[in-house]
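Novice: Let me give you the structure first, and then I'll get to my questions.
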Amino acid sequence: MDIKTNSLYAQMQSMSMEAMGNRLPIGQENGMGMGTPAVSKSGSDFGSLLKDAVNNVNELQKDVSEKKMAFEMGDRSVTLADTMIAASKAGIAFDATIQVRNKFVEAYKEIMSMPV
């Protein structure tokens, strides 16, 4: 379970590192003095990484709802502390997903406002 909760953050870090590491140095390959992204297999996997991250957040939220229901029904195997910790983890993961979405929208708006 801890691996799943930390995987969203780890995926975001790895995507950031890949984005920074897959750029060619300025002045190489395109003759225009501008660096271009290197073509790699990991670039085509961005969509699947994003989908996996969203699915992970969804699973965390499902887990929280199951724990809340079990706690409310009186299941002695689920403690209040477990329920609150799961809720906090799901909340943080959801907030991080919203932040990523907002950054994508901001970047899209910036790209669309660039002159051609």
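Quick note: the coordinates plus some simple rules give every number you see, no bench work behind them. Predicted, not measured: the structure shown is a model, and the values here were computed from it. With ideal geometry, Cβ positions are generated from the backbone for all residues, glycine too; neighbour counts draw on all protein chains shown.
Novice: Measure out, as a whole number of angstrom, how far apart the alpha-carbon centroids of the stretch 57-81 and the stretch 92-116 sit.
Specialist: What the calculation gives is 32 Å, centre to centre.
Novice: To the nearest 0.05, how large is the calculated FRET efficiency for residue 95 and residue 75 if R₀ is 30 Å and r is the Cβ-Cβ distance?
Specialist: Here the calculated transfer efficiency is 0.60.
Novice: I need the phi-derived Karplus couplings for the stretch 61-76: 6.51 cos²θ - 1.76 cosθ + 1.60, θ = phi - 60°, integer Hz, Gly and Pro marked x.
Specialist: Working through the residues one at a time gives 5, 5, 4, 4, 5, 5, 5, 4, 4, 5, 5, 5, 7, x, 5, 6 Hz.
Novice: If R₀ is 22 angstrom, what is the calculated FRET efficiency for the pair residue 105 and residue 49, using the beta carbon separation as r and rounding to 0.05? Kindly include the intermediate steps, with their values, before the conclusion.
Specialist: Numbers: r = 19 Å, r/R0 = 0.84.
Efficiency, rounded to the nearest 0.05: 0.75.
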